[in-house]
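Shown next, in structure tokens, is the structure this report addresses.
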Amino acid sequence: MKIELITAEQTLPVRHRVLWPDKSVDFCRVPEDDAGLHYGAFCDEKLVCVASVFIDGQSARLRKFATLHEYQGKGVGTLVIERILSDLQTKKMASFWCDARESARGFYHRFAMEPFGERFYKGDVPYFKMAVDLASGDIVPKQRQDKE
């Protein structure tokens, strides 16, 4: 597998298929896409996971993180987040945050991300804002810390 920076346009088929298959492809765009950093994970040359990061000062926000269903649970998303965190630490970013579906809190917690604020809803789906202080040092997934 390889992870590399891709264009916003390249993210759209995966965003559409995973996040909003019942909406138009245009619904999957973010107004700030042109200013974002877009990561793609490729398995055998097939784009299987995308994540977009938007930087505001010293804070980076994850948006539109999606992995094709048949590749979920295989560590692809973990590797993408690890790459993003590494890149952000290299850039000396102070924090990384996202709106996390309540069902995904455990995934983000593995990267030392903690919820802040109250539960909120997008449609009928519950979310929490989650963040990590990147200035605190290396962010190692908790499952890997447990194995070391």
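Observations on the model:
- Solvent-accessible area per residue, Å², over the chain with all protein chains present [probe radius 1.4 Å]: 55 Å²
- Surface composition of the chain: carbon plus sulfur atoms contribute 49% of the solvent-accessible area (1.4 Å probe, protein chains only, all chains present).
- Each of L62, G40, G123 was scored by the projection of its Cα onto the charge dipole of the chain, and the greatest displacement toward the positive side belongs to G123; charges sit on the C-beta of Lys, Arg, Asp and Glu.
- Calculated semi-axes √(5λ) of the Cα gyration tensor in Å (choose from [x] 19, 18, 16; [y] 25, 17, 16; [z] 22, 18, 16), label: [z]
- Here the dipole of the chain is about 240 debye; that uses its Cα centre as origin and unit charges on the Cβ of Lys and Arg (positive) and Asp and Glu (negative).
The values are calculated or read from the model by the stated rules, or taken from the named source; none is laboratory data. Values in this document were obtained by computation on a predicted structure and should not be read as measured data. No Cβ is skipped: glycine too gets one built from the backbone with ideal geometry, and neighbour counts run over all protein chains shown. Only protein heavy atoms, including side chains, enter the accessible area calculation; ligands, DNA and RNA are left aside. Shrake-Rupley method; radii C 1.70, N 1.55, O 1.52, S 1.80 Å.
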